[in-house]
1. LYS150: which lysines have alpha carbons under 29 Å from its alpha carbon, excluding same-chain residues fewer than 8 sequence positions away?
2. Using only alpha carbon pairs under 8 Å that are at least six residues apart, calculate the relative contact order of segment 117-183 and give it in whole percent.
3. Could you tell me which GluC sites (Glu not before Pro) in segment 57-162 are loop residues by DSSP with no more than 13 other beta carbons within 10 angstrom of their beta carbon?
4. Rounded to the nearest 0.05, what FRET efficiency do THR484 and TYR286 have when you use their Cβ-Cβ distance and R0 = 25 Å?
5. Which helices count as membrane-span-like in the chain under these terms: full DSSP H, at least 15 Å along the axis by C-alpha, Kyte-Doolittle mean of 1.0 or more?
6. With each run of n ≥ 4 DSSP H residues scored as -39500 (n - 2.57), what mean residue ellipticity at 222 nm is computed for the chain after dividing by its residue count and rounding to the nearest 500 deg cm²/dmol?
7. How high is the FRET efficiency between THR331 and SER105 when r is their beta carbon distance and R₀ equals 60 Å, given to the nearest 0.05?
8. Starting from one equal scatterer on each C-alpha and no solvent at all, send me the Debye-based log10 I(q)/I(0) for the chain at q = 0.11, 0.13 Å⁻¹, two decimals.
Amino acid sequence: MKIFTAEQIRSWDQFTISHEPISSIQLMERASTVVANWISEHCKVHRKAVLFCGNGNNGGDGLAVARMLYLKGFDVDVFVNDPKGKFSEDASVNLERLREISEISVRKFDEVEHYPLDDNTIIIDALFGTGLSRPLADGYKELVDWINRKDTIKISIDVPSGLSTDAFFDRDSVVLKANYTLSFQCWKRSFLHPETGRYTGKVIILNIGLSEEYHENTETDYWVTDDSFAVSLFNPRNEFAHKGNYGKAIIIGGSYGKMGAAVLATKSVLKTGAGLTFALAPQCGYEVLQTSCPEAMFIEGGQQFISDFNIDKENTIGIGPGLGNHKDTQTGLLKFLKDYQSPLVLDADALNIISEDQKNHQLIPEKSIITPHPKEFERLFGKTENSFKRLELARVKAKELGIYIVLKDHHTQIITPVGDVYYNLTGNAGLAKGGSGDILTGILTSLLAQGYSEKNTCIFGVWLHGKAADFAAEKHSKESMLPTDVIDELGNVFTELNNKVERSL
Ligand SMILES: NC(=O)C1=CN([C@@H]2O[C@H](COP(=O)(O)OP(=O)(O)OC[C@H]3O[C@@H](n4cnc5c(N)ncnc54)[C@H](OP(=O)(O)O)[C@@H]3O)[C@@H](O)[C@H]2O)[C@@H](O)CC1
Ligand SMILES: [K+]
């Protein structure tokens, strides 16, 4: 699914109005109907709503939703800045329609201090949407501060008020902290970054029927991987296949005290379906690897750590989990990279070794996949002020080096060598544990070995990892789930994928 900027969303709105038989006010009515239906369906206990409406079209949506909820049996109160003030054309129409209902009182923001809010009331935020052009100030800032202090459930229409759609104002700006954000038609970039995404609560994307033609033909650099996109990338197994059809994958990792990382990565390669799996590890890991992953073959690369990276170049390689940074490992890895030109997966200590010297960046073979978490990214490419700037730097580096960067985060970002960005939607805080990254390395190495393109390996692999983690969290909770539980759930994700593909035939 494409992500558009606020400006592109405005054009999408205009394009829909001029190319389809729908007027601006009808489009607002359609959007508001979808919002009111969602609220009415989901708010079983709360049958009272108080709406805060701005003067633009986001406020217009709020005024229409107020009317619709009233007609669905809600108790409704509405606050605006000044009922006699200037509203956008469509908001004025909806204010007039609301006035025809004598049971709904329209009050001024400055009356809010004395407003009795009880636990059964929901707050609906329709102050600002995609038209916000600067941080909130003065009266709006005070109002949102007041709303944020209330313990009531808050639902934002389209965008939490005060939050920019595409950017990050600054850490001190005031933003309405919603429990739910009901957003129109597409994800907004600010929902997907940690500094700004923390205001949205649960995001629900509502289809309001904006033009598909515009969506198809409008270019963007930013995308989200939703489930249907991931399913479209899945290659089901051919019944006539043999192990030779699914590649040879090798994990190079492990050192004394860090063998677990190599085990997790190797297991993940196996459970993601590679034809043949190898683990190149130091001798001290022989028993644990052969016992925990009997399906994988062992290649000795040293005694307590790896110093010898000598392997069959036919293999698809993932290097890094538990590798350590012994001097001989460093020398061995850099020497190996000098002679190796095919795309491979680099993670963890492999990235730390590379980041010792900027010149090493050139040793990463083109089209390789690197999977840094924010700290590893910083060691590689330098510090940035926030995650928006980090992503922009990653785009520059991915283009410069011709590589894929999997920037691990709550919504992991995949950056391609042409600078396209794919935000992942699966995964949860249960992944914030040692070992989760090793699993991802295994998954990616396995998919690459099976013939997925580098791009699809990243997009599908990151989705798969997150989906398995979501299944694991459901069973074990985010607190207790272990990376091993995530590996165990890969099978259930594949079962679901196969069912979906079979059904759609
Ligand atoms: N896209 C679609 O398809 C559809 C969109 N719809 C809805 O329209 C919404 C977008 O509406 P919108 O463009 O009127 O903008 P909105 O957010 O209401 O605010 C604009 C006003 O706020 C002002 N203003 C800005 N910043 C400010 C600040 N910090 N403090 C104070 N004022 C500030 C700004 O003035 P200015 O920047 O010129 O000073 C302007 O007057 C969208 O989110 C969705 O809800 C649906 O109805 C139908 C389908
Ligand atoms: K809003």
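The values are calculated or read from the model by the stated rules, or taken from the named source; none is laboratory data. The structure presented is a predicted model; accordingly, all values stated were derived computationally and were not measured. Reconstructed Cβ throughout: ideal geometry from the backbone, glycine too, with neighbour counts over all protein chains shown. For accessibility, only protein heavy atoms count, side chains too; no ligands or nucleic acids. Shrake-Rupley method; radii C 1.70, N 1.55, O 1.52, S 1.80 Å.
1. The reachable lysines, counting only those whose Cα sits under 29 Å from LYS150, are LYS44, LYS48, LYS72, LYS84, LYS86, LYS108, LYS141, LYS177, LYS188, LYS202, LYS478.
2. 41
3. Listed in order of number, the matching sites are GLU100, GLU103.
4. 0.75
5. Length and hydropathy pass: 436-449.
6. -13000 deg cm²/dmol
7. About 0.20, to the nearest 0.05.
8. -0.93, -1.15
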